[in-house]
Amino acid sequence: MQRRELFSSLASSFHKEKKQETMLRPPYFSDESLFHNECHKCEAKCATVCEEEIIKIANDKTPYLDFSKHGCTYCDECAKICEFGVLTLENKKFINAIISINKNNCVSWHHTMCFSCKDPCLDSAIDFAAMFMPVINNKCTGCGFCISKCPTNAIDIKIINSLKLS
């Protein structure tokens, strides 16, 4: 049995179904309305070039991010291929989300040593206090790599409304 499977079985009582209320967009846009005005003209090219396969296409033909298996490497490919100016390199920014650890669902906060969220974090954005208390620090880019690795789904993502850039 692998470590991840062990933690998943131990923490089944902590598991809660997460619902995403608004769509998490790729990090290369300036105006949400462009998704609705322009993306229906496209053939979802941004999703086809995503190396991590996290860009999905909603029923309204707009792209959103799905961190259930991987995270964003900020590779720029989706912005490079966008023909309608929805995603552009000029608008590259961190993903419009705040990532946090739900202490109630985290096995580490319940005194079971687990580093599943810290291990995949390339930005050193997760600190541990006293070995059992992980917290997201200000280095977090919102890339989402930690989300799919958590065996108890204890990592919350809160989408923040992005302001139009001038």
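Using a cutoff of 8 angstrom between alpha carbon atoms and counting only pairs six or more residues apart, the relative contact order for the stretch 25-94 works out to 44 percent.
Residue by residue, the stretch 140-149 carries 3J(HN,Hα) couplings of 5, 9, x, 5, x, 4, 6, 4, 6, 7 Hz when phi is fed to the Karplus relation 6.51 cos²θ - 1.76 cosθ + 1.60 (θ = phi - 60°); x denotes Gly or Pro. Near the amide H of Ile126, within less than 5 Å, lie the amide hydrogens of Asn137, all on another chain or at least 5 residues away, with H placed in the peptide plane. Label separation (Thr112 vs Ala58): 3.4 nm, computed from points 7 Å beyond Cα along the C-beta direction. Amide H contacts for Lys92 (H built 1.01 Å from N in the peptide plane; partners 5 or more residues away or on another chain; cut-off under 5 Å): none found.
Here the residues Thr152, Thr22, Thr62, Thr88, ranked from fewest to most Cβ neighbours within 10 Å of their Cβ, fall in the order Thr22, Thr88, Thr62, Thr152. Dividing the C-alpha radius of gyration of the stretch 25-94 by 2.2 N^0.38 Å, with N its residue count, gives 0.97.
Readers should treat all values here as calculations from the given coordinates under stated rules, not as data from a laboratory. Please read all numbers here as calculations on a predicted model, not as lab measurements. Cβ atoms come from the backbone with ideal geometry, glycine included; neighbour counts cover every protein chain shown.
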